[in-house]
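Engineer: Here it is, the structure, as structure tokens.
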Amino acid sequence: MSKKLFIPGPSDVSQGVFEAMSAPMIGHRGREYTQLFMECIQNLKKLMFTENTIFIVPSSSTGLMEAAVRNCVKKKCLNVGNGAFSDRWHQITKDNGKKADLLSFEWGEAPLPETIDERLSSGEYDTLTLVHTETSTGVTAPLEDIAKVAGDYDVSFLVDAVSSMGGIKVDVDKLGIDVCLFGVQKAMALPAGLAICSVSDAALKKAKSIENRGYYFDFLVYLKYLNKKQTPTTGAISIMQGLRYQLDQIINHEGMDNRFLRHRKMGEYCRAWARKNLGILPKERFASDTVSCVTKTAGIDIADLDLKLEQRGYVFAKGYGKIADQTFRVAHMGERTLDELKQYLYVIDEILGF
């Protein structure tokens with residue numbers, strides 16, 4: 001029996017996506033592939049509200065986090081950390097031999113624009129990284145306010161939108177984001193294995209002045225092939241066929257505004273439920289509309305809850321990282337509906353005796 005995934009990625013995938021992915025295989029240097037590739041790019045620009053260059057990479061999102069720092073960090077990077085994945089970006093930056101500082105905030109807290117402003121004012125940084133929605137804590141950073149700060153400095157602004165893209169609006173061009181990256185297995189509701197990023201002209205120009213960009217994730221290599229309407233290596237063709245279908249569903253059938261509203265309603269409902277008997281880690285204004293981080297009370301046996309939910313056909317998300325024993329997470333992203341979320345939370349209530 002298939003189980004419903006209430007974990008923050010991968011998400012359940014629709015039958016329509018699977019059918020699109022089952023189309024006959026095509027060659028990755030032929031006209032059909034070029035058409036598939038360019039149609040995906042055209043609609044990704046709509047989804048991301050950008051005219052920047054789009055790269056589609058057979059990789060996890062972590063690969064593009066590495067790509068972003070290899071191509072954009074020349075002098076020193078300021079990594080904003082307030083959870084497991086934003087802290088990971090700092091580790092990636094250092095492991096690639098780049099100079100970097102971690103600006104730490106408490107897990108569950110949102111990054112403060114004024115604190116970022118203060119650090120950037122030193123003039124020692126040429127790059128800023130930020131995780132929009134931190135999957136480990138359910139915190140959505142005040143992206144618009146931080147973008148305004150970044151815009152006051154000569155820095156490359158790199159944003160991880162892994163848990164938000166497709167569920168929360170990210171207006172890339174309005175916000176002045178130089179690299180915006182995400183994977184397709186969360187709010188986009190596709191199988192894992194494909195990562196996407198938008199890259200500004202300024203970031204591409206800067207990459208030309210940076211050595212040791214590698215090969216697989218070199219933006220300039222991707223740009224060279226994009227100019228020929230191709231990719232440097234064999235694309236994840238079947239997932240791209242699913243991506244083309246899903247982008248059409250999001251943009252032309254559900255509609256992006258409707259999709260963002262559906263996610264907002266699920267987020268609001270889940271947080272109200274959590275506050276009633278348990279707790280929610282982030283402050284309301286910074287709480288994510290795609291994943292909620294619930295604080296558990298004493299006496300709740302997470303292992304038992306996990307087992308009983310599995311027996312009832314659900315996949316449960318425990319807490320993550322250093323707050324794993326204090327929290328659990330409820331994902332409400334992708335093709336999930338409000339009615340499905342209500343049923344899942346009702347089952348949790350039954351198990352916990354609320």
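Nothing in this text is a laboratory measurement; each read-out follows from the coordinates by a stated rule. Bear in mind the structure is a predicted one, so any value in this text is a computation, not a measurement. Here Cβ is always computed from backbone atoms with ideal geometry, including for glycine, and neighbour counts include all displayed protein chains.
Engineer: Could you work out how much longer the chain between GLU144 and VAL315 gets when fully extended? Use 0.36 nm per residue separation minus the Cα distance between them, nm to one decimal.
Structural biologist: 58.2 nm
Engineer: Something else now. Taking a label point 7 Å from the Cα of MET256 along the Cα→Cβ vector, which residues of the range 144-162 have an amide N closer than 17 Å to it?
Structural biologist: Inside the label zone: 144, 161-162.
Engineer: Dividing the alpha-carbon radius of gyration of the range 1-97 by 2.2 N^0.38 Å (N being the number of residues), what value is obtained?
Structural biologist: 1.42
Engineer: Considering the Cα trace of the range 85-236, what is its radius of gyration and what is Dmax, both in angstroms?
Structural biologist: 15.7, 46
Engineer: Separate question: Considering the dipole of the chain built from charges on the beta carbon (Lys and Arg +1, Asp and Glu -1) around the Cα centre, which of SER59, MET266, THR129 is farthest to its positive end?
Structural biologist: Positive-most Cα among the choices belongs to SER59.
Engineer: What whole-number distance in Å separates the alpha-carbon centres of the range 1-48 and the range 155-182?
Structural biologist: Their Cα centres are 20 Å away from one another.
Engineer: So how strong a dipole does the range 15-252 carry about its Cα centre when Lys and Arg Cβ are +1 and Asp and Glu Cβ are -1, to the nearest 20 debye?
Structural biologist: 1080 debye
Engineer: Given 0.36 nm per residue, what is the gain on full extension from THR295 to TYR346 after removing their alpha carbon distance, in nm?
Structural biologist: Result for the pair: 16.6 nm of gain on full extension.
Engineer: May I ask you to derive the FRET efficiency for ASP325 and LYS205 from their Cβ-Cβ distance with R0 = 41 Å, giving the value to the nearest 0.05?
Structural biologist: About 0.30, to the nearest 0.05.
Engineer: Same structure again: Taking the simple approach of a point 7 Å from Cα along Cα-to-Cβ for both THR115 and SER2, what is their distance in nm?
Structural biologist: According to this spin-label approximation, the distance is 4.3 nm.
Engineer: Next up: Go through 179-189, 139-149, 216-226 and give me the packing order, highest mean Cβ count within 10 Å leading.
Structural biologist: So the peptides 179-189, 139-149, 216-226, ranked by packing, come out 179-189, 139-149, 216-226.
Engineer: Here is a further query. Rounded to a whole number of µm²/s, how large is the Stokes-Einstein D of the range 214-354 at 10 °C and 1.306 mPa s, given Rh as the Kirkwood radius over C-alpha pairs?
Structural biologist: For the chosen part, D equals 89 µm²/s.
Engineer: Less than 14 Å apart at the alpha-carbon level, and either on another chain or at least 8 residues along: which aspartates and glutamates does that give for LYS265?
Structural biologist: Answer for LYS265, where 14 Å is the Cα cut-off: ASP257, GLU284, ASP289, GLU335, ASP339, GLU340, listed by chain and number.
Engineer: Can you give the Kirkwood hydrodynamic radius of the range 92-151 from its Cα pairs, in Å with one decimal?
Structural biologist: Taking every pair of different Cα atoms in the range 92-151, averaging 1/r and inverting gives 12.6 Å.
Engineer: Moving on. Set the Förster radius R0 to 45 Å, insert the Cβ-Cβ distance between ARG264 and MET25 as r into 1/(1 + (r/R0)^6), and round the FRET efficiency to 0.05.
Structural biologist: Working from the Cβ atoms, E equals 0.70.
Engineer: Provide, for q = 0.07, 0.08, 0.11, 0.14 Å⁻¹, the log10 of I(q)/I(0) from a solvent-free Debye sum over equal Cα point scatterers in the chain.
Structural biologist: Ignoring solvent entirely, the Cα scatterers give -0.29, -0.38, -0.73, -1.15.
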